[in-house]
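The structure appears right after this line, and notes come after that.
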């Protein structure tokens, strides 16, 4: 294992400083990066303030579609972070965009998701089908569902076995938590369906799909190398950074350990203990002592 003292980069120090000076936008994962569960990390607010002072914009990206945008904004407000709807992008929104583009006639969806997520789809004009063999959906959407009922899981597997278009919102196996429990996420739910039916989702959206960053690129008129994707997972956050030709920063405040990072086929451009350390490096790159 390589030595590690608060941070490590594939670049020389001078090269790292140049990359950080070039950043115009920071895309932030949420759970495991800026907070854990309902616990805001103490370095999050100073980090965000430091970005604003340097004229660097930021967005909050999450592979967790279990809450609607309003719920996420409320959670951030409760934790002491002010954010706007334009600064949020979830895999529920990515899935809505994908269905509207690729299945323009689809209106009726069988949704394995929380009531909050389902409300986001209904707000976008879709109808949620019932757990009924006569209520045939146009598309199946599997998501991180903390309200999952066994009968609905079985119904989803049935529609999957019948060849209905099948989309997963995100590939995450577990959701980070500060509680003594494993939160089974969308990737694990889809693995259950695959084991029962022999069929994988037709597409899995969310990180590491590079399209999660396309809205930021278009909205702010940026080049990919002007964006940093910051998160706590190799197989979603860092893979998306590589796939989108962005700057990938792995923080060790969530799921991934240094041992796992060392074994990754595609290394992060930067590994930091947390976003507080990243903030210090960005300040150094901008000549702030």
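Every number in this text was worked out from the coordinates using simple rules, so none of it is lab data. None of the values given here were measured: they were computed from a predicted structure. Here Cβ is always computed from backbone atoms with ideal geometry, including for glycine, and neighbour counts include all displayed protein chains.
Were the residues from residue 195 through residue 101 laid out at 0.36 nm apart, the gain over their Cα-Cα distance would be 30.9 nm.
Over region 92-204, all Cα pairs binned in 10 Å intervals from 0 give whole-percent P(r) values of 14, 51, 30, 5, 0, listed from short to long. Annotation for residue 211 and residue 264: the two label points, set 7 Å from Cα along the Cα-Cβ direction, are 2.4 nm apart. Seen against the Cα atoms of the chain and their longest principal axis, helix 69-78 is set at about 40 degrees. What is the distance in Å between the Cα centroid of region 208-257 and that of region 70-94? Value for the Cα centre distance between the two parts: 18 Å.
Counting DSSP beta bridges with both partners in the chain, what percentage is antiparallel, nearest 5? Show your work: numbers first, answer last.
Details: 8 of 38 bridges.
Roughly 20 percent of the DSSP beta bridges within the chain come out antiparallel.
Between residue 284 and residue 38, the FRET efficiency from the beta-carbon distance, with R0 = 30 Å, is close to 0.40.
Which part of region 156-180 falls in the paramagnetic zone of residue 133, meaning amide N under 12 Å from the point 7 Å along Cα-to-beta-carbon? Within reach of a label on residue 133, which here means backbone N under 12 Å from a point 7 Å along Cα→Cβ, region 156-180 contributes 158-159.
Would you mind getting me the FRET efficiency between residue 219 and residue 21? Use the beta-carbon distance for r and R0 = 25 Å, nearest 0.05.
Numbers: r = 22 Å, r/R0 = 0.87.
Plugging the Cβ-Cβ distance into 1/(1 + (r/R0)^6) gives 0.70.
Tell me, rounded to the nearest percent, the portion of alpha carbon pairs in the chain spaced more than 31 Å apart. Roughly 28 percent, rounded to a whole number. Fewest neighbouring Cβ atoms within 10 Å first, the residues 192, 186 line up as 192, 186.
With a Förster radius of 22 Å applied to the C-beta separation of residue 147 and residue 188, the computed FRET efficiency comes to 0.90.
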